[in-house]
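Single-structure report; data block below.
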Amino acid sequence: MAKNMDSIQPIKWRNNMLFLLDQRALPHQQNWLQYEHADDVANAIFEMVVRGAPAIGISAAYAVVLAARDAWNNKGGTWKTAMVEPLAVLAKSRPTAVNLHWAIERMITFYQDLDDDKSPESALLEEAKRIHNEDISANYKMGKLGATLIDNNSIVITHCNAGALATGGFGTALGVIRHAYTEGKIKHVYADETRPWLQGARLTAWELQQDNIPVTLQADGAAAALMATTKVDWVIVGADRITANGDVANKIGTYMLAILAKYHNVKMMVVAPTSTIDWQLHEGNEIPIEQRPGQEVTTINGNKIAPEGVAALNPAFDVTPASLIDAIVTEAGVVLSPSLENMRILR
Ligand code: MRU
């Protein structure tokens, strides 16, 4: 039943090109932008045409196909060497979401075995499509697993957008909410607006409205008052990178919510595919945190709101320590009370 709630898919491959739904224009305009070159996809990732860790990874996988086509057309039998530079540019497009690196590495490993003297495009396209489809399947699994933790008629808060738009489809945190809703477990969702990019206001509110899931938008600063005055059951969010000990980097403001949740006895669930786990990093303070232009904070939709010349801090993510998290839900299983030891069940 929940599977019917997957009408939104932000990434498409059509006519030998990558199409991305421009998330900067949503919800009021639905514009599809088309891409034929990897460096343009890298730019689209940086500019947030596509955003959300799994969606960034899937887009990068298709960008590798585009890079390979250009490399083959321009360099023939030395196409593998010609891939090095465009893939380095792609890898730098956003630093925190590890799914970007995971997808590029998986594509590189895959093409090592391909013939130097044959066009790699169709084989690489199959692999990119596999990555895309596996992500959607993982979201269905996580939706089902995460919903088992939720009691009937629960009230939840979500932050940023960890929905269909942030993935191949269906979503991670919103996948759990979608699945749980069909089982009568979700009474109401509060979506934080998520300054400065307003992913909650523009994307999460829109996605939940499409599926008729009751949603109320709130300013980020309203979460504490909501928890103090209403029985909130869960905070449910996605992740951009999870370290071996269960620390989680996610959209700026997630850490604040986790502290509030602990204080108010609200449980905290992180939902992410295993491609978001960086086993090479031991703990959260090793995660590179993207610092974005201050202008994103001093303006809204291009309109200046702060005094000219004021300094603005704009970290895109923060790190929530594992000790503040009750459950990490992945397609490979649920880790309760995440820690170095408890995370081992996913290895
Ligand atoms: O800056 P964004 O919009 O790419 O940040 C997205 C998030 O923080 C999401 O919560 C995260 O990527 C999980 S998406 C399933």
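The values are calculated or read from the model by the stated rules, or taken from the named source; none is laboratory data. Everything numeric here is computed off the predicted structure, so don't read it as measured data. Neighbour counts are summed over all protein chains in view; Cβ atoms, including those assigned to glycine, are modelled from backbone coordinates with ideal geometry. Just so you know, the surface numbers come from the protein's heavy atoms only, side chains and all, with ligands and any DNA or RNA stripped out. Shrake-Rupley method; radii C 1.70, N 1.55, O 1.52, S 1.80 Å.
Brief remarks on what is shown
- Shape call, region 1-134: gyration tensor on alpha carbons, a/c limit 1.5: prolate
- Gap separating the Cα centres of region 244-293 and region 309-344, nearest whole Å: 2 Å
- For Val329, neighbours were defined as the other residues whose beta-carbon sits under 11 Å from its Cβ, and their charges (Lys and Arg +1, Asp and Glu -1) total 0.
- Diffusion coefficient, µm² s⁻¹, Stokes-Einstein with Kirkwood Rh over alpha-carbon pairs of region 140-346 at 10 °C and 1.306 mPa s: 93 µm²/s
- Between helix 53-75 and the chain: long-axis angle, C-alpha atoms, 0 to 90°, nearest 10: 10 degrees
- For the residues Lys80, Lys187, a 1.4 Å probe over the protein chains yields an accessible-area ranking, largest first, of Lys187, Lys80.
- Tensor-based shape of region 88-242 (alpha-carbon gyration tensor, a/c under 1.5 rounded, otherwise prolate or oblate): prolate
- Packing-based ranking of 232-240, 43-51, 297-305 yields 232-240, 43-51, 297-305, ordered from highest to lowest mean Cβ neighbour count within 10 Å.
- Structure remark: mean-square fluctuation, Gaussian network model of the chain, C-alpha springs under 10 Å; the largest value among Pro315, Pro307, Pro27 belongs to Pro307.
- In terms of distances greater than 24 angstrom between alpha carbons, the cross-link table entries Lys92/Lys262; Lys141/Lys231; Lys92/Lys251; Lys92/Lys304; Lys12/Lys187; Lys129/Lys185 yield Lys92/Lys262; Lys141/Lys231; Lys92/Lys304; Lys12/Lys187; Lys129/Lys185.
- Over the chain: Rg over Rh, Cα atoms, Kirkwood Rh: 0.97
- Residue of Tyr62, Tyr181, Tyr111 that the Gaussian network model of the chain assigns the largest fluctuation, springs spanning Cα pairs under 10 Å: Tyr111
- What a 1.4 Å probe finds exposed on region 2-137 is 46% carbon and sulfur by accessible area, rounded to a whole percent.
- Rounded to the nearest 10 degrees, the angle from helix 254-263 to the longest Cα principal axis of the chain is 30 degrees.
- The angle between the Cα long axis of helix 173-182 and the main principal axis of the chain comes to about 60°, on a 0 to 90 degree scale.
- Förster radius 56 Å - calculated FRET efficiency between Thr229 and Asp116, Cβ distance, rounded to 0.05: 0.30
- Calculated accessible area for region 2-137 comes out at 45 Å² per residue, all protein chains present (probe 1.4 Å; ligands, DNA, RNA ignored).
- Over all projection directions, the Cα-based convex hull of region 63-115 averages an area of 3.4 nm².
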